[in-house]
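The values are calculated or read from the model by the stated rules, or taken from the named source; none is laboratory data. Please read these numbers as outputs of a predicted model, since none were measured by experiment. Neighbour counts run over all protein chains shown; Cβ positions are idealised from the backbone, glycine included.
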Amino acid sequence: MNHTETAHRTEATAQRPSLLRFALHGLEMVIAMIVGMVVLDPVWAFAWPGLHENTVAQALVMATDMSIGMAVWMRVRGHGLPAIAEMSAAMYLSFLVLLPFLWAGVLSGMAFMTAGHVLMVPAMLIAMLRRRHEYGW
């Protein structure tokens, strides 16, 4: 195999969609969400001292922090606004779907927060699968 064939094969392999690339992209977004929470939490603590006493407000603020971090990273990665909006919706929907259970007393505040974060994973996966070509798969 000559140099041209090797270069072409390497380029084709680099451009080929892969499950690994898809998974790594998802991991990058989770890291960006964590960064968003860590960076923005002190801002909220200063601006809204009683925030942590209101579970619903805390969850929505946390979803906002995660959405901001993730949206910034998605823009850096070249994603369009529709994909960013869908992924941000996944952050909020995972909590919103659980609100009736919190209000009915079926879930404690801690269980609500935990379940909301757990539900984000499949919600994000659904958003990513809808646009899998954008995520490298």
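Data overview
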item	result
Matching option when the condition is of a type outside the set (S, T, N, Q) and at pLDDT 95 or above, among Met110, Met91, Met128	Met110
Test: Gly26 is at pLDDT below 95 and on the phi > 0 side of the Ramachandran plot	no
Of all residues in the range 8-23 being surrounded by 11 or more Cβ atoms within 10 Å (Cβ to Cβ) and of a type outside the set (Lys, Arg), the one that is modelled with the lowest pLDDT	His8
Conditions (1) assigned to a helix (DSSP H, G or I); (2) over 23 Å from Leu20 (Cα atoms); (3) of a type outside the set (A, V, I, L, M): number failed by Gly69	(2)
The listed residue being of a type outside the set (Phe, Trp, Tyr) and farther than 20 Å from Trp73 by Cα, out of Met113, Met91, Met124	Met113
Unmet requirement for Val97, which otherwise passes all of (1) over 18 Å from Leu24 (Cα atoms); (2) surrounded by fewer than 17 Cβ atoms within 10 Å (Cβ to Cβ); (3) touching a residue at least 40 places away in the same chain (Cβ under 8 Å)	(3)
Conditions (1) in a loop (DSSP other than H, G, I, E, B); (2) at pLDDT 95 or above: number failed by Gly78	(2)
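A quick yes/no check of all residues on (1) closer than 23 Å to Ala32 by Cβ; (2) in contact (Cβ under 8 Å) with a residue 12 or more places away in the chain; (3) surrounded by 18 or more Cβ atoms within 10 Å (Cβ to Cβ); (4) out of contact with any Phe, Trp or Tyr (no Cβ under 9 Å at 6 or more places or on another chain):
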site	(1), (2), (3), (4)
Met70	yes, yes, yes, yes
Ser88	yes, yes, yes, yes
Ser108	no, no, no, yes
Thr114	yes, no, no, yes
Ala127	yes, yes, yes, yes
